[in-house]
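*Asks:* Please find one structure pasted underneath; my questions will follow.
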Amino acid sequence: MSRRVAIVSGGGTGIGRAVCLRLAREGFAVAVACSRSVADAESTLQALRASGGEGEMFQADIADESSVQSLFAAVKARFGRIDVVVNNAGIGHSKKLAQIEMAEFDHIFGVNARGTFMMCREAAQFIEDGGRIVNVSTGATKGNPARMALYVGSKLAVEGFTKVLARELALRGITVNAVSPGMTDTPMLLGGDAEALRAYGAQAAAMRRVGQPEDVADAIAALVSADGRWITGQNIAVDGGTNIV
């Protein structure tokens with residue numbers, strides 16, 4: 001059997017980078033997908049190869065339909081198969097709902113919801129039987145913090161896609177799950193007061209520390225492994241006990 005192949009969107013930094021490196025260690029050939037951060041994706045690829053992994057970098061804008069379609073076609077042409085798709089790419093947003101412009105709505109939903117939808121749609125067509133799809137959501141869909149309407153709303157759509165697609169692909173042995181990280185120390189924090197956010201995340205978590213990208217990558221690696229074969233349609237909180245219900 002040829003080496004299994006994983007596509008990871010937003011693979012240049014943060015959680016995406018950690019996922020790429022972890023899956024490479026698990027023996028996957030990794031398609032490191034990125035939009036604008038080409039230098040970051042190339043850095044991920046270099047680190048992946050330096051540790052003995054196999055991979056290629058693919059530039060793709062998940063908000064653009066033709067770009068998403070080209071990504072899957074290119075990965076299939078390069079590696080001959082697609083076994084795992086990790087939909088990690090997304091963008092944050094913080095603003096009071098009453099002040100949000102419709103252009104902001106279109107932008108956030110265009111990437112987080114529409115983009116993930118198109119990635120899932122192509123994955124459903126290209127992925128091998130017995131494959132795995134993992135969508136990255138957020139613990140904010142449980143906490144519903146102020147100023148996060150667009151981010152929460154767009155990620156709730158992702159969680160809905162996950163559940164429906166899990167039913168549609170189950171008879172092919174394909175699992176579809178979401179992971180919802182708590183506050184994680186990634187470049188996304190730099191859009192706000194990073195130190196204050198780290199302190200808030202550590203205080204909110206029962207385990208009293210902010211999450212690291214590797215924490216989330218390890219959970220995703222478990223879901224895409226053979227051990228994850230009986231888990232589908234679920235939203236797994238990877239948050240150190242931030243949301244315990």
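*Asks:* Mind listing whichever residues of the range 1-50 are touching a helix residue (DSSP H, G or I) at 6+ places or on another chain (Cβ under 7 Å) and in a loop (DSSP other than H, G, I, E, B)? Break it down stepwise before answering.
*Replies:* So the first thing to find is which residues in the range 1-50 are touching a helix residue (DSSP H, G or I) at 6+ places or on another chain (Cβ under 7 Å), and the list is 5-15, 17-24, 26, 29-34, 44, 47-48.
Correct list: G10, G11, G12, T13, E26.
*Asks:* Which count do you get for residues in the range 159-204 that are assigned to a helix (DSSP H, G or I) and within 18 Å of the chain's Cα centre (by Cα)?
*Replies:* The qualifying residues number 11.
Per-residue answers, yes or no, for (1) closer than 18 Å to A6 by Cβ; (2) surrounded by fewer than 13 Cβ atoms within 10 Å (Cβ to Cβ); (3) hydrophobic (A, V, I, L, M, F, W, C):
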site	(1), (2), (3)
V136	yes, no, yes
R147	no, no, no
R167	no, yes, no
T175	yes, no, no
R198	no, no, no
A206	no, yes, yes
W230	no, yes, yes
Q234	no, no, no
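*Asks:* Determine which single condition I15 fails, assuming it passes every other condition in (1) within 23 Å of M188 (Cβ to Cβ); (2) surrounded by fewer than 22 Cβ atoms within 10 Å (Cβ to Cβ).
*Replies:* The single condition I15 does not satisfy is (2).
*Asks:* Answer yes or no as to whether V158 is among the β-branched types (V, I, T), surrounded by fewer than 19 Cβ atoms within 10 Å (Cβ to Cβ) and either free of Cβ contacts under 8 Å to residues at least 40 places away in the same chain or more than 23 Å from V210 (Cα to Cα) (or both). If you could, list the steps in order and put the result at the bottom.
*Replies:* Values: among the β-branched types (V, I, T): yes; surrounded by fewer than 19 Cβ atoms within 10 Å (Cβ to Cβ): no; either free of Cβ contacts under 8 Å to residues at least 40 places away in the same chain or more than 23 Å from V210 (Cα to Cα) (or both): yes.
The answer is no for V158.
*Asks:* So, one more: Name the one entry in V152, V224 that is without any contact (Cβ under 8 Å) to a residue 24 or more places away in the chain and under 25 Å from F117 (Cα atoms). Steps first, answer last, please.
*Replies:* On the way: V224 fails: without any contact (Cβ under 8 Å) to a residue 24 or more places away in the chain.
Criteria check complete, one pass: V152.
*Asks:* Next up: Take the range 85-101 and flag every residue that is over 17 Å from the mean Cα position of the chain (by Cα) and not in a loop (DSSP other than H, G, I, E, B).
*Replies:* L97, A98, Q99
*Asks:* Look at A89 and say whether it is within 18 Å of A217 (Cα to Cα) and without any contact (Cβ under 8 Å) to a residue 60 or more places away in the chain. Lay out the reasoning, then the answer.
*Replies:* Numbers: within 18 Å of A217 (Cα to Cα): yes; without any contact (Cβ under 8 Å) to a residue 60 or more places away in the chain: no.
So A89 does not fit the description; no.
*Asks:* Please go through (1) polar (S, T, N, Q); (2) touching a Lys or Arg at 6+ places or on another chain (Cβ under 9 Å); (3) farther than 21 Å from T175 by Cβ for N144 and return the number of the only condition it doesn't satisfy.
*Replies:* Among (1) polar (S, T, N, Q); (2) touching a Lys or Arg at 6+ places or on another chain (Cβ under 9 Å); (3) farther than 21 Å from T175 by Cβ, the lone unmet condition for N144 is (2).
*Asks:* Listed residues I82, I62; which is in a loop (DSSP other than H, G, I, E, B), under 25 Å from E26 (Cβ atoms), at pLDDT 95 or above and touching a Leu at 6+ places or on another chain (Cβ under 9 Å)?
*Replies:* Numbers: I82 fails: touching a Leu at 6+ places or on another chain (Cβ under 9 Å).
Going through I82, I62 in turn, the sole match is I62.
The values are calculated or read from the model by the stated rules, or taken from the named source; none is laboratory data. Predicted model only: the values in this text are computed from it and were never measured. Positions of Cβ are backbone-derived with ideal geometry, glycine not excepted, and every protein chain shown enters the neighbour counts.
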